[in-house]
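Chemist: Quick one: the structure is below, and I'll ask about it shortly.
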Amino acid sequence: MLLLRFKNDIMFYLIQKNKSFQLVLIIGLLGVLGFQFFTSTEWITNAGSGLPYATSLHQLLVGYKLLSQSIVLALLIVQLILLSRFFMNSNFIESRTFLPAVWLLIFFVGGNFFLPLSPSFIINFLIVLLLLLHSDYSDSNIKNKVLLSGILIGVASLYDISALLLILYVIFSAVVNRYNKFRDIIIVFVGLLIPYIYLIAYHYFIGDLADLLDTYAQFRFSFPLFVSLRLSYWSIAAISIFVVSIIYIIIRLKLLFDNKLIVARKKLLSLNLLFISVLFMFFTTNVTFPQSFSYFLVPLSVFFSIYVESKRISVVREILITVITLAIIAIGWQL
């Protein structure tokens with residue numbers, strides 16, 4: 001028993017309290033991911049949504065392989081930095097930590113979710129940007145941030161139409177945190193329309209607007225999650241474990257934050273609303289499973305970072321986090 005307690009103390013000290021060790025983990029995981037990325041051809045797999053811009057992005061990146069790989073890794077590093085900045089600014093926990101970046105890399109590397117030619121890469125980057133933009137509603141520039149959120153969602157929807165559902169997060173988050181809710185809702189819809197206005201104008205001037213409209217007219221939701229998905233018993237078990245465990249973690253976090261300031265409770269509620277919006281995306285996207293599951297990874301990395309932070313040692317928490325992480329890895333590999 002004493003040996004078990006000693007081991008837990010070491011693990012918690014290294015992972016939670018020591019930011020230097022977290023940075024070492026991030027560098028190590030980035031190294032593994034970079035090695036896989038540059039030595040494997042699996043990254044050129046197209047798990048696209050069937051939209052014309054998603055197909056064009058795939059063709060562009062495949063045509064300039066080395067440049068594309070370098071840009072993608074640079075964007076991943078930026079994504080990790082922005083996610084860490086959001087978590088620190090939100091003050092979910094007392095200590096300043098890089099745990100969200102660590103967890104996101106663990107999911108990418110362990111679950112084989114890093115597929116940059118899939119819209120999931122763009123959507124995950126967008127989710128991090130939305131979290132950062134809406135981390136502080138006391139900011140005087142919040143209306144500009146709401147407008148920018150609408151524009152970013154509009155751009156992302158060109159690659160996966162289900163990204164439009166992220167507007168639910170922006171709206172619900174405004175309802176929870178703002179007084180001028182109606183104005184913010186109007187602003188985000190204005191921002192959403194801007195990319196489409198530019199898109200229509202561009203294709204009108206180059207003379208292929210009719211072709212673009214025909215492409216969108218032929219677009220259909222294929223619902224691959226329900227129509228073509230065939231899961232093994234192991235995958236079904238992994239998904240079941242994931243669902244039960246994440247519900248438990250969300251409830252535990254809600255109970256934990258009930259004793260905190262209303263600002264902290266609102267931030268957790270906003271995070272839960274993001275998870276619900278991503279859940280709707282998961283059920284409607286044309287991106288194939290398990291890449292569509294990667295839409296959950298950013299909110300999961302934040303949930304995990306909050307849940308594991310504690311001054312008390314809990315063997316149950318350790319076992320739960322280990323089991324759900326293994327379940328996510330199993331889902332990624334479709335075991």
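Values quoted throughout were computed directly from the atomic coordinates according to the rules given, and no laboratory measurement underlies them. On a predicted model such as this, the values are computed, not experimentally measured, just so you know. Cβ: placed from backbone, ideal geometry, glycine included. Neighbour counts: every protein chain shown.
Chemist: For the range 322-327, take each phi angle, set θ = phi - 60°, evaluate the Karplus expression 6.51 cos²θ - 1.76 cosθ + 1.60, and give the result in whole Hz per residue in order, putting x for glycine and proline.
Modeler: Working through the residues one at a time gives 5, 5, 5, 5, 5, 5 Hz.
Chemist: Let me ask another. Filter the trypsin sites (Lys or Arg not before Pro) in the range 260-335 down to the DSSP loop ones having no more than 13 other Cβ atoms within 10 Å, then list what survives.
Modeler: K260, K311, R312
Chemist: Please list the non-local residues whose amide H lies under 5 Å from the amide H of S118, H modeled 1.01 Å from N, same-chain partners needing a gap of 5 or more.
Modeler: Close amide H contacts, sequence-distant or interchain: A47.
Chemist: Among residues other than T325 whose Cβ falls under 14 Å from its Cβ, what is the net charge (Lys/Arg +1, Asp/Glu -1)?
Modeler: 0
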